[in-house]
1. Take peptides 35-41, 24-30 and line them up by average Cβ neighbours within 10 Å, highest first, as a rough protection proxy.
2. If you stretched the chain out fully between E7 and A31, how much longer would it get, using 0.36 nm times the residue separation minus the C-alpha to C-alpha distance?
Amino acid sequence: MTNEQYEREMRYRVSMAAANSMLRQGLITQAEHDAFDSLMTEKHRPMIGDLLLKTSVDKHLESS
């Protein structure tokens, strides 16, 4: 992974961590979260962060 790829990955993960927290708190809907995820994926082009964060949110939503 290059330094640029690492930076993109971290920016994506930080952005999505905030969105995931807002989703868990009920501040945004799943549809809003998904739209934001699409925008951040397009903007940051993460290599693996998208897969990891979706798995984490899916597990949380299943347990709710």
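Bear in mind that the values in this text are calculations on the coordinates, not laboratory data. All values derive from a computational prediction rather than experimental measurement. So basically every Cβ, Gly included, is an ideal-geometry build from the backbone, and we count neighbours across all protein chains shown.
1. Details: 35-41: 15.7, 24-30: 11.3.
Top of the packing list down: 35-41, 24-30.
2. Numbers: separation 24, 0.36 × 24 = 8.64 nm, distance 2.67 nm.
The E7-A31 span can extend by a further 6.0 nm.
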